[in-house]
Amino acid sequence: MADIARRPEHRYGNRPTMKDVAARAGVGLKTVSRVVNGEPGVTPDTERRVQEAIESLGFRRNDSARVLRKGRTASVGLVLEDLADPFYGPLSRAVEEVARAHGALLINGSSAEDPEREQELALALCARRVDGLIVIPAGGDHRYLEPEMRAGVATVFVDRPAGRIEADTVLSDSFGGARAGVAHLIAHGHRRIGFIGDSPRIHTATERLRGYRAAMEDAGLDVAEGWVSLGPTDPERVAAAVEAMLSGPEPVTALFAGNNRVTVTAVRVLAGRERPVALVGFDDIELADLLGITVIAQDAAALGRTAAQRLFRRLDGVAGAPETTVLATRLIARGSGEIAPPA
């Protein structure tokens with residue numbers, strides 16, 4: 001107990017200052033400032049004493065004053081839908097790599113698909129003086145960001161467009177990708193094709209549904225009321241939708257899954273059925289190549305990289321009207337989308 005009592009007490013929250021470093025090294029504040037900022041005018045012996053004091057105290061430079069002088073924090077914010085979603089891993093990493101190449105720190109958080117939480121998080125990042133924002137929107141009204149954008153916060157929306165404001169946007173071709181995926185099923189003989197997607201308030205869900213309907217119309221095929229299901233992507237809801245579409249006197253012979261979470265649940269449901277059902281999913285998923293799942297793949301890393309590059313071009317002073325970039329998707333045939341309908 002005596003040994004424990006003699007240990008130095010850490011006072012959390014009381015960080016050492018330049019005054020502490022100056023006192024420990026026996027020099028003036030200006031000398032410490034010169035060493036910390038790499039400025040000339042300090043003898044090698046004095047610099048060594050200051051560096052030893054810095055190391056001993058665990059001093060770290062407070063960049064707040066530099067921020068006030070330069071007007072930039074060298075940090076950007078990323079508002080994601082769900083940090084746990086595998087789709088956002090490569091997107092976030094790509095943003096981080098571009099930020100790092102520009103000497104900036106990335107701060108990210110999740111909206112959990114809640115518009116109020118998105119607004120709260122975005123404004124909290126702005127309050128911390130990030131130089132720019134990349135937002136995957138959960139809501140449909142982003143006028144709350146207009147004052148921040150007017151104040152100089154560069155803002156780019158990715159995966160989905162902004163609502164009720166004009167802003168730079170980077171999207172995947174959800175409409176074209178879904179249209180191609182459904183056309184692929186039609187080309188393999190399917191006429192009764194079900195569509196299961198995300199909530200109808202989400203831009204990507206409605207665009208993919210639009211692509212599904214366009215492909216069916218192109219082929220002269222009607223869409224029965226029970227062949228379309230939009231809503232939350234929790235396994236219970238999606239599994240029930242799959243079972244409903246596969247039931248009845250004229251069940252669907254193929255499914256188009258509107259995103260990776262829907263695809264995963266659909267694979268689980270279909271694995272327990274004797275009659276094979278064709279499946280094409282939007283978004284690639286882990287092990288899809290081993291499981292033989294045909295997908296419409298979008299390049300999440302390219303989305304993040306393109307959005308971040310656009311953001312830093314704006315921060316570097318490139319002006320002009322907001323631009324929208326749409327990245328192509330690609331169909332990867334692995335077997336599940338090539339299953340023919342029952343004879």
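The values are calculated or read from the model by the stated rules, or taken from the named source; none is laboratory data. Just so it is clear, the structure is predicted and the values come from calculations on it, not from any experiment. Cβ sites come from the backbone with ideal geometry, for glycine too, and all protein chains shown count toward neighbours. SASA here: full protein model, heavy atoms, side chains in, ligands and nucleic acids out. Shrake-Rupley method; radii C 1.70, N 1.55, O 1.52, S 1.80 Å.
Out of all the residues in segment 147-175, which are assigned to a helix (DSSP H, G or I), in contact with an Asp or Glu (Cβ under 8 Å, 6 or more places away or on another chain) and either without any contact (Cβ under 8 Å) to a residue 60 or more places away in the chain or open to solvent by 40 Å² or more (accessible area, probe 1.4 Å) (or both)? First the steps, then the outcome.
In the first step, residues of segment 147-175 are kept if they are assigned to a helix (DSSP H, G or I); the result is 147-150, 174-175.
With in contact with an Asp or Glu (Cβ under 8 Å, 6 or more places away or on another chain) added as a condition, the list becomes 174-175.
The answer is F175, and nothing else.
Within segment 226-246, is there a residue that is of a type in the set (V, I, T), over 26 Å from A328 (Cα atoms) and modelled with pLDDT of 95 or more?
So far as segment 226-246 goes, yes, one or more of its residues are of a type in the set (V, I, T), over 26 Å from A328 (Cα atoms) and modelled with pLDDT of 95 or more.
Does H188 fit the bill of being within 16 Å of E338 (Cβ to Cβ) and crowded, with 19+ Cβ neighbours inside 10 Å?
Considered against the rule, which asks whether it is within 16 Å of E338 (Cβ to Cβ) and crowded, with 19+ Cβ neighbours inside 10 Å, H188 comes out as no.
Can you name the number of the only condition in (1) at pLDDT 95 or above; (2) within 22 Å of G152 (Cβ to Cβ); (3) open to solvent by 40 Å² or more (accessible area, probe 1.4 Å) that R66 fails?
Unmet condition: (1).
Checking R129 against (1) open to solvent by less than 10 Å² (accessible area, probe 1.4 Å); (2) part of a loop (DSSP other than H, G, I, E, B), which single condition isn't satisfied?
(1)
A quick yes/no check of all residues on (1) under 27 Å from the mean Cα position of the chain (by Cα); (2) closer than 19 Å to R210 by Cα; (3) not charged (D, E, K, R):
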site	(1), (2), (3)
S247	no, no, yes
E250	no, no, no
V262	yes, yes, yes
V269	no, no, yes
P276	no, no, yes
D284	yes, no, no
A302	yes, no, yes
F312	yes, no, yes
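Do we find a residue being under 32 Å from the mean Cα position of the chain (by Cα) and surrounded by fewer than 15 Cβ atoms within 10 Å (Cβ to Cβ) anywhere in segment 202-223? Spell out the reasoning first.
Of all residues in segment 202-223, those under 32 Å from the mean Cα position of the chain (by Cα) come to 202-216.
Filter once more, keeping what is surrounded by fewer than 15 Cβ atoms within 10 Å (Cβ to Cβ): 210.
Within segment 202-223, one or more residues are under 32 Å from the mean Cα position of the chain (by Cα) and surrounded by fewer than 15 Cβ atoms within 10 Å (Cβ to Cβ).
Go through (1) buried (at least 22 other Cβ atoms within 10 Å of the Cβ); (2) assigned to a loop (DSSP other than H, G, I, E, B) one by one and return the number of the condition A178 breaks.
Of the numbered conditions (1) buried (at least 22 other Cβ atoms within 10 Å of the Cβ); (2) assigned to a loop (DSSP other than H, G, I, E, B), the odd one out for A178 is (2).
Just wondering, is there one or more residues in segment 33-56 that are surrounded by fewer than 19 Cβ atoms within 10 Å (Cβ to Cβ), under 15 Å from the mean Cα position of the chain (by Cα), not in a helix (DSSP H, G or I) and not aromatic (F, W, Y)?
Within segment 33-56, not a single residue is surrounded by fewer than 19 Cβ atoms within 10 Å (Cβ to Cβ), under 15 Å from the mean Cα position of the chain (by Cα), not in a helix (DSSP H, G or I) and not aromatic (F, W, Y).
Looking at segment 19-32, which of its residues are assigned to a helix (DSSP H, G or I) and not acidic (D, E)?
Once the filter is applied, which keeps residues that are assigned to a helix (DSSP H, G or I) and not acidic (D, E), segment 19-32 yields K19, V21, A22, A23, R24, A25, L29, K30, T31, V32.
On the given criteria, is L125 in contact with a Gly (Cβ under 7 Å, 6 or more places away or on another chain) and under 23 Å from P322 (Cα atoms)?
So L125 passes the test.
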